[in-house]
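Worksheet for the structure shown next.
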Amino acid sequence: MKYDLSAVEMLKLLGYDQPTDREWLEKIKLEKQISLPKTYIEFMELMADCPLLGTSNLWTGKMEHKTSAHIPCTFYDQLQEMIDDRKNRWSKRPSRYERSLYDLFQLPVEEWSQAVDNYLVIGSDYAGGMGEFGIRIEDLQKDDPPVYWHKDADSFSMWKLEHEQLSDFLLNVLIEALACVDYQSAEYELETKGWRYEEYFDLKKDDWVAGKSVLKKYGIDYSAIKKYKASSGKVFCCYDEDRNALFVGSTAEGEMSLSVINRNEAEHIFLDLDSLEYLFEEARLCIKDKERDDEISQYHLYTKTPKTKVSLSDYCQADKPPRKGEDGERICPVTAKKEPLYVLCSGADFMEVITGVLQKKPKAANEELLAAFNHYLQTGNLYIL
């Protein structure tokens, strides 16, 4: 398990290894007469206009739900624009904010540095819209400069240190996007690249929650992971070299969620909630807890193709029984993607098979449950071990 990947290394693992567009990076340097940090260029060459970060705190050009492109600009440019909007209509009773703008208006731009530092603004708080992130102009010569945060409600001169290194800020942005804390943009984008998100679900708690014991189960050392700030709580990430999969998680209000970004063609790492194996595990809990006894038995089991023999990984869902159409035909439910489903058996028969096996062998493996269930599908016999 690797805990120290850089943002660029993570992007390349996910398949973003070719430059997208360097043109607007060069345009910024020419128009603003500034240099750009090496760390920023290496990252943005892969992410310019990329939907992966379309709802992140980093301006990458095209952003979701934004009518215009969001690209870096200087803080002085922003201040000048605000002054131009007001210079012919200054209020007679200006607020402290407007008074500060007016004081700048009285100074030549060359003397603004006496009142406020200039920054290259590279992003903003996408979810909350409360402020912006920037790099001091004099730090742009550095390969990996600090990143500062300016809250909109604060005075122009109040920029607070956010990350001592730009590389940490970029990693924070990327991990928060991958963790899908506020938006699913990264998940949708990665699906087009052949990746699959699997979210850990605790069957016993009937909730999407994880914990340190779950991390340990999947080979993750909680003490080794580095946690980054998110809009709510913290996020983390690590890479499983053996499985070629990224684990991403978030913590907030004492709870942890955990997902794994896995290749479509790879075996599921977490229990697949659309699989027959999941229904076996749910059946075990229903048998132990009488209050949950009818959670499966009142439904029917469905597959995407007609089957008389199934495997643990096969798609299998419990849903309401088929209904009769106007002409007496049997109408089955469909998947969320409107794919047709076919009856495998009734939930009551399924539960009777599983109960019969577990009564005789309480610790029977899922493979043994599968053998008994397939025997039932092929013979109709509910009571064969």
Can you tell me the orientation of helix 75-86 relative to the chain, as the angle in degrees between its alpha-carbon axis and the longest Cα principal axis, to the nearest 10?
80
Once you put a point 7 Å from the Cα of D274 and another 7 Å from the Cα of Q18, both along the Cβ direction, what distance in nm separates them?
2.9
J(HN,Hα) series, region 313-319, from Karplus relation 6.51 cos²θ - 1.76 cosθ + 1.60, nearest Hz, glycine and proline x
8, 5, 4, 7, 10, 8, 8
By how many nm would the segment from S95 to Y222 grow when fully extended, if each residue of separation counts as 0.36 nm and the alpha-carbon distance is taken off?
40.9 nm
Given springs between every Cα pair under 10 Å in a Gaussian network model of the chain, which of Q165, Q78, Q184 has the largest fluctuation?
Q78
So what J values fall out for region 361-369 if you push phi through Karplus, 6.51 cos²θ - 1.76 cosθ + 1.60 with θ = phi - 60°, rounded to Hz, Gly and Pro as x?
9, x, 9, 4, 6, 4, 5, 6, 4
Check cross-link reach from K142 to the lysines: straight Cα distance under 23 Å, and skip same-chain residues fewer than eight apart.
K27, K29, K32, K38, K160
From the Cα trace of the chain, what convex hull volume per residue do you get, rounded to a whole Å³?
207
Please list, or write none, the lysines whose alpha carbon is within less than 20 Å of the alpha carbon of K288, excluding same-chain residues fewer than 8 places away.
K204, K205, K360, K361, K363
Expected sort for I137, I41 with the fewest Cβ neighbours (10 Å cutoff) up front is I41, I137
Read phi for every residue in region 352-359 and hand back ³J(HN,Hα) as whole Hz from Karplus 6.51 cos²θ - 1.76 cosθ + 1.60, θ = phi - 60°, with x for Gly and Pro.
5, 4, 5, 4, x, 5, 6, 5
Tell me, what is the FRET efficiency for S311 and I41 to the nearest 0.05, using R0 = 45 angstrom and their Cβ-Cβ distance as r?
0.40
Region 5-107: relative contact order in percent, alpha carbon pairs under 8 Å with at least 6 residues between
17
From Cα pairs below 8 angstrom and at least 6 apart in sequence, can you work out the relative contact order of region 195-251, rounded to a whole percent?
18
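Can you show me the helix-derived [θ] at 222 nm for the chain, built from DSSP H runs with n ≥ 4 at -39,500 (n - 2.57) apiece and divided by the number of residues, rounded to the nearest 500.
For the chain, the value works out to -9000 deg cm²/dmol.
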Grab every C-alpha pair in region 168-242, bin the distances at 10 angstrom width from 0 up to the longest one, and report whole percents.
16, 44, 38, 2
Give me the compactness ratio for region 123-173, meaning the Cα radius of gyration over 2.2 N^0.38 Å.
1.12
On a 0 to 90 degree scale, rounded to 10, what angle separates helix 96-105 from the longest Cα axis of the chain?
50
Can you compute the charge dipole magnitude of region 276-379 about its Cα centre, using +1 on each Lys and Arg Cβ and -1 on each Asp and Glu Cβ, nothing else charged? Give it in debye, rounded to the nearest 20.
160
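For each of L104, L382, L279, count neighbouring Cβ atoms within 10 Å of the residue's Cβ, then give the residues from fewest to most.
In order of increasing Cβ crowding within 10 Å: L382, L104, L279.
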If amide hydrogens are placed 1.01 Å from N in the peptide plane, which non-local residues have theirs closer than 5 Å to the one on I220?
none
Counting only residues 5 or more places away or on other chains, whose amide H sits under 5 Å from the amide H of S6 once H atoms are built in the peptide plane?
none
In Å, descending, principal axis extents of the Cα set of region 276-379:
45, 29, 26
Could you give the length gained by full extension between L161 and D103, i.e. 0.36 nm per residue of separation minus their alpha carbon distance, to one decimal place?
18.3 nm
Between the modelled labels at D207 and R292 (7 Å from Cα along Cα→Cβ) the distance in nm is 1.4
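Quick note: the coordinates plus some simple rules give every number you see, no bench work behind them. Just so it is clear, the model here is predicted, and its values are computed rather than measured. Positions of Cβ are backbone-derived with ideal geometry, glycine not excepted, and every protein chain shown enters the neighbour counts.
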